[in-house]
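Reviewing the structure listed below.
Nothing in this text is a laboratory measurement; each read-out follows from the coordinates by a stated rule. Here the structure is a predicted model, which is why all the values come from computation and not from measurement. Heads up, the Cβs are rebuilt from the backbone with ideal geometry, glycines too, and the neighbour counts pull from every protein chain shown.
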Amino acid sequence: MNIRMIKAETITAAVKKLFIDCNYYIGKDIMNALTNAENRETSPVGKSVLAQIIENDKIAAKEEIPLCQDTGMAVLFVEYGDKVAVEDGSFDDSVNEGVRQAYRDGYLRKSVVSDPVFDRINTKDNTPAIIHTKIVSGDKIKLTAGGKGFGSENMSAVKMLTPSYGVEGVKRFILDTVRTAGPNPCPPTVVGVGIGGTFERAAQLAKKATFRAIDTHNPDERYAALEDELLCEINKMGFGPAGLGGNTTALGVNIETSPTHIAGMPVAVNICCHAARHASTII
């Protein structure tokens, strides 16, 4: 079996670029959704807020500066080819060095503390990153990176539903989570939903869902219809842009699913603000 060698510095350079890019340049899917939302928004205040968000994102891209002061915790989803080996270093170290360089050289805010409860001392380089790695067939590495701000992260939730709750129970939990969040996650939001697997798998799926472009749907038409239904119901809540009222509380709802146990139906909701930053590359 032929093994492709990839230098650690190549991975570091790719990760650095991804995190600088996703913090400077909002994705086309989000920009298009914001523009469409501005055209549809019925509240004058909401329309004004959306216009300011769009202007902010354009200025960030033009001047190559962060589009939000919270440049997030570094999260990566990795598809690692089984015919790849890293040369002159380890994969995780290479990724974290890329994050370190991006947040230093890109003038991105460092927001990570070394201990969650007691010390809470800033690591001063935004490491360590959260790395979700899946081994796949092939000789390439696909990196999908995003900076996850915590104003919206703190509004997320997981619930261990049982099958008897059915689809109505799933919808109720998702909508209740968004309603409880209210204006706190800086709407308009992207709502990522993970259903199935185990406790931790559902949460991982919900995070992954926020990385999916919002102009796409779940390939299963039943879940695709559920995405549209939930988005409609969320936008009826009236929180609106920046929580100041209007019919644009969310830009999209993305659902990812996984097989699960016969006795369970875990559901996770990961809320992301309108600065839904993600970028991908293949090495």
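Just a few scattered comments:
- Relative intensity of the stretch 49-200 on a log10 scale, I(q)/I(0) at q = 0.09, 0.14, 0.17 Å⁻¹, equals -0.42, -0.97, -1.22, per a Debye sum over C-alpha point scatterers of equal strength in the absence of solvent.
- Phi to ³J(HN,Hα) by Karplus 6.51 cos²θ - 1.76 cosθ + 1.60 over the stretch 194-202, Hz, x for Gly, Pro: x, 10, x, x, 10, 3, 6, 5, 4
- Anisotropy class of the stretch 151-277 from Cα gyration tensor, a/c 1.5 cut: prolate
- Computed lengthening from S280 to A61, 0.36 nm per intervening residue step minus Cα-Cα distance: 77.1 nm
- If a spin label sat at a point 7 angstrom from the Cα of S164 along the line to its beta carbon, the backbone N atoms of the stretch 239-283 nearer than 16 Å would be those of 262-266.
- For D82 and A13, the difference between the fully extended length at 0.36 nm per residue and the C-alpha to C-alpha distance is 22.7 nm.
- Over the stretch 151-223, equivalent-ellipsoid semi-axes from the Cα gyration tensor in Å: 19, 16, 13
- Distant-in-sequence amide contacts of T133, defined by a placed amide H-H separation under 5 Å and a gap of 5 or more residues or a different chain, comprise V78.
- Prolate/oblate/rounded call for the chain, Cα gyration tensor, a/c under 1.5 rounded: oblate
- Only helical runs count toward this figure. For the chain, summing -39,500 (n - 2.57) over DSSP H runs of n ≥ 4 and dividing by all residues gives -13000 deg cm²/dmol at 222 nm.
- Extension gain, D176 to T260, is 28.0 nm, computed as 0.36 nm per intervening residue step minus the present C-alpha separation.
- Working note: Karplus 6.51/-1.76/1.60 with θ = phi - 60° gives the stretch 220-234 the couplings 7, 4, 5, 6, 4, 5, 5, 4, 5, 4, 5, 4, 4, 5, 5 Hz, where Gly and Pro are set to x.
- Estimated D of the stretch 1-129 in µm² per second, where Rh is the Kirkwood radius over Cα pairs and Stokes-Einstein applies at 20 °C, 1.002 mPa s: 127 µm²/s
- Placing dummy labels 7 Å off each Cα toward the beta-carbon, the span from N154 to Y107 is 2.7 nm.
- Between the stretch 136-201 and the stretch 85-127, the C-alpha centres lie 25 angstrom from each other.
- Footprinting exposure proxy ranking of T35, T248, T127, fewest other C-beta atoms within 10 angstrom first, gives T35, T127, T248.
- Eligible lysines near K148 by straight Cα distance, threshold 23 Å, same-chain separation 8 or greater: K16, K17, K28, K58, K62, K110, K124, K134, K159, K207, K208
- Average Cα contact separation per residue, the chain, under 8 Å, 6 or more apart, as relative contact order %: 26 percent
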